[in-house]
Amino acid sequence: MHQLALNLLAQQLDESLERITGIYLPEKGYPTPKIDVRAGVFRHGEVLLVRETSDGCWSLPGGWGDEHDSPKGCIEREVLEESGYRVNAVKLVSVKDRHLHPYTPRRLERIYKLFFLCELSGGEAQPGIETTEVAFFALDALPTLSLGRTLKADITLLDQHLRDIGLPTYFD
């Protein structure tokens, strides 16, 4: 029965059986969603993006939430590590359930994506361990996005909140 369930799950997610097998074995407690944090950092009407080492595409700086860090501390640290820029998170713009949006590829585990509007406070462009390039892009000239991490709709929503800070936080 266990093997049949694994085979069905691998087929449904279009993943290899090797990737699916054992994915939940380390979890001993109640399963909870993973947290992905992303930053909207703007300068002169352009958005900060980083090129991901893993797929060569661009995304908003960010990554997995760390257990021993606050969401604000986590996003500020992630931006610094991935881009070389120091930022101050000023607003939680959205909380998205990744399963309810067209992020690809699909993921087995549930992931909540937290998007923060951040103000640039210093630093300079410097790629990190997980990134190969750092650049600001005009909103109408975005490069190929890493669609598992960032959608154009995410950048548009962050820009809307930049223009009107009083907009309510979006959440699924």
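Before moving on, here are some points about what is shown:
- Within the range 47-67, being among the charged types (D, E, K, R) and surrounded by 15 or more Cβ atoms within 10 Å (Cβ to Cβ) holds for 51, 52.
- Any hit, the range 75-87, residues being modelled with pLDDT of 95 or more and in a loop (DSSP other than H, G, I, E, B): yes
- Selected residue [in the same structural domain as residue 45 (by TED's automatic domain parsing), touching a helix residue (DSSP H, G or I) at 6+ places or on another chain (Cβ under 6 Å), under 21 Å from residue 52 (Cα atoms) and not in a loop (DSSP other than H, G, I, E, B)] from 134, 93: 134
- Residue match in the range 37-48 (condition: closer than 15 Å to residue 122 by Cα, without any contact (Cβ under 8 Å) to a residue 60 or more places away in the chain and of a type in the set (Val, Ile, Thr)): no
- Subset tally (residues that are in a strand (DSSP E or B) and surrounded by 13 or more Cβ atoms within 10 Å (Cβ to Cβ)) for the range 149-172: 1
- Residues that are buried (at least 18 other Cβ atoms within 10 Å of the Cβ) and under 19 Å from residue 168 (Cα atoms), drawn from the range 92-118: 92, 93, 94, 96, 112, 113, 114, 115, 116, 117, 118
- Among the candidates 121, 70, 146, residue that is polar (S, T, N, Q) and surrounded by 13 or more Cβ atoms within 10 Å (Cβ to Cβ): 146
The values are calculated or read from the model by the stated rules, or taken from the named source; none is laboratory data. Keep in mind that this is a model prediction, so the values were computed, not measured. Methodologically, a virtual Cβ is constructed for each residue, glycine included, from the backbone with ideal geometry; neighbour enumeration extends over all protein chains shown.
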